[in-house]
Amino acid sequence: MDLAHLGVSGGRRKALIVLGAGASRGASFAADPTSVLPPLDADFFQQLSRMRQTDESRRLLRFVREEFGSEVGLSMEEFFSQADYTDRFHSELNVDPGPHVRKYAAALEDFMVLLPRVLHASIGHHVCSHHAQLARALRAADCVITYNYDCIMDRALVDEAGVRWDPDAGGYGFPITTGGKSWKTHGPGRPPRTPIQLLKMHGSMNWHISRRRTVSLIGDLGKIVSLKDAIIPPTWFKDLEVEPFASVWKAARKEIRTSRIMIVIGYSVPPTDLFSRSLFKVEAGSKAKRERLDLAVLVNPDKDARRRFLNLIRGGIESTTTVLEYEKLEELSRVLKRHGV
């Protein structure tokens with residue numbers, strides 16, 4: 001990525017884009033506050049309550065209100081962690097079995113069914129012009145790390161990156177068995193030796209993971225029944241040792257250490273996301289980083305969140321590092337477009 005107009009001279013540098021939930025919420029199509037919006041961790045259940053209610057959604061919202069008092073302000077991580085650990089406590093220790101205990105397992109199943117429905121209702125087939133601008137700016141060997149389950153960035157790469165993006169050539173950080181044709185374009189030009197990587201740290205709604213831990217890609221996102229086994233759930237403890245997640249996190253370590261430009265959009269550095277905090281602190285915030293960081297761009301309306309990320313990588317920032325801050329993804333998109341990046 002050549003971001004000379006953002007304050008870095010000297011031509012092309014290896015770039016890393018980090019996307020949190022705020023990047024999806026900041027999508028160009030997510031403008032109507034009364035509609036179902038791409039959910040944040042803190043308001044998934046509020047977005048769910050805006051949808052046409054089904055048996056599963058009524059049951060889950062009733063469970064949430066009974067167990068937590070209200071869906072307002074309840075985060076996905078708090079819900080899933082408490083429900084998951086309570087269910088494990090009763091099942092593994094065989095404590096107080098009965099209908100009430102079984103409600104926890106049922107609530108977790110309903111959540112996994114409803115999560116893709118909320119994502120599809122809020123995103124559907126919409127294309128985000130801001131993500132498209134990011135995809136156009138990426139060059140071969142650049143990387144995107146995302147914590148989002150949705151496929152906004154996947155679609156942007158398909159539409160804008162041409163042969164620079166190829167899921168069948170390791171674009172997701174691991175081999176794909178089938179379905180790659182649905183998520184790439186056969187544009188003109190010769191494929192690069194090292195394509196763009198899209199590392200989906202917690203999984204993706206277009207992944208189907210088999211019992212053998214191989215991954216095929218799903219083309220029609222509207223037909224997804226459940227995200228169970230396709231994602232790392234939003235729980236306090238995340239199992240990163242199984243494939244394909246082990247490969248994804250290993251690739252992320254390398255990309256963070258070798259990037260010269262880091263653009264962080266809508267990532268709030270959750271205090272319970274200990275693995276990610278450690279990842280950036282060790283790989284980007286220490287002298288062990290193999291490449292110096294020339295440019296850090298932070299995009300978040302929350303000033304404290306921008307400060308938290310800067311503090312996380314403070315050890316890797318040098319006197320020569322340019323730091324730019326924006327409140328909205330739209331602002332960064334305008335800057336990139338204005339300078340033809």
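The values are calculated or read from the model by the stated rules, or taken from the named source; none is laboratory data. As the structure is a prediction and not an experimental result, all values here were calculated from the model. A quick note on method: Cβ atoms are made from the backbone with ideal geometry, for glycine too, and the neighbour counts reach across all protein chains shown. Heavy atoms of the whole protein, side chains included, go into the accessibility calculation; ligands, DNA and RNA do not. Shrake-Rupley method; radii C 1.70, N 1.55, O 1.52, S 1.80 Å.
Some notes on this structure:
- Of the peptides 238-249, 314-325, 293-304, 136-147, the ranking by mean beta-carbon count within 10 Å, highest at the top, reads 136-147, 293-304, 238-249, 314-325.
- Helical runs assigned H by DSSP (4 residues or longer) give the chain a calculated mean residue ellipticity at 222 nm of -12000 deg cm²/dmol, each run adding -39500 (n - 2.57) before division by the residue total.
- Per-peptide packing, taken as the mean over residues of other Cβ atoms within 10 Å, places 206-214, 80-88 in the sequence 80-88, 206-214 from highest down.
- Hz values of 3J(HN,Hα) by residue in the range 12-28 - Karplus curve (6.51, -1.76, 1.60), Gly and Pro given as x: 5, 10, 5, 10, 10, 10, 10, 10, x, 4, x, 5, 6, 5, x, 4, 4
- Value of D in µm² per second that Stokes-Einstein yields for the range 190-322, Kirkwood Rh from Cα pairs, at 4 °C (1.567 mPa s): 78
- Protein heavy-atom accessible surface, 1.4 Å probe, per residue over the chain: 46 Å².
- Percent carbon-and-sulfur accessible area, the chain, ignoring ligands, DNA and RNA, probe 1.4 Å: 51
- Check: the range 134-264 dipole with +1 on Lys, Arg Cβ and -1 on Asp, Glu Cβ, in debye: 340
- Cross-link pairs exceeding 32 Å between alpha carbons, from the set 103/303; 200/223; 200/337: 103/303.
- Measuring r between the beta carbons of residue 226 and residue 320 and using R0 = 35 Å, the FRET efficiency lands at 0.10.
- Considering only Cα atoms, the convex hull volume of the range 125-256 works out to 113 Å³ per residue.
- Base-10 log of normalised Debye intensity for the range 201-252 (one unit scatterer per alpha-carbon) at q = 0.19 Å⁻¹: -0.64
- Taking θ as phi - 60° and the Karplus parameters 6.51, -1.76 and 1.60, the scalar couplings of the range 104-119 work out to 5, 4, 5, 5, 5, 5, 4, 4, 5, 6, 7, 4, x, 5, 5, 5 Hz in sequence order, x denoting glycine and proline.
- Diffusion coefficient, µm² s⁻¹, Stokes-Einstein with Kirkwood Rh over alpha-carbon pairs of the range 260-341 at 25 °C and 0.890 mPa s: 185
- Computed magnitude of the charge dipole of the chain (debye, nearest 20; Cβ of K, R +1, Cβ of D, E -1): 1320
- For the chain, taking the reciprocal of the average inverse distance between every pair of different Cα atoms yields a Kirkwood hydrodynamic radius of 20.8 Å.
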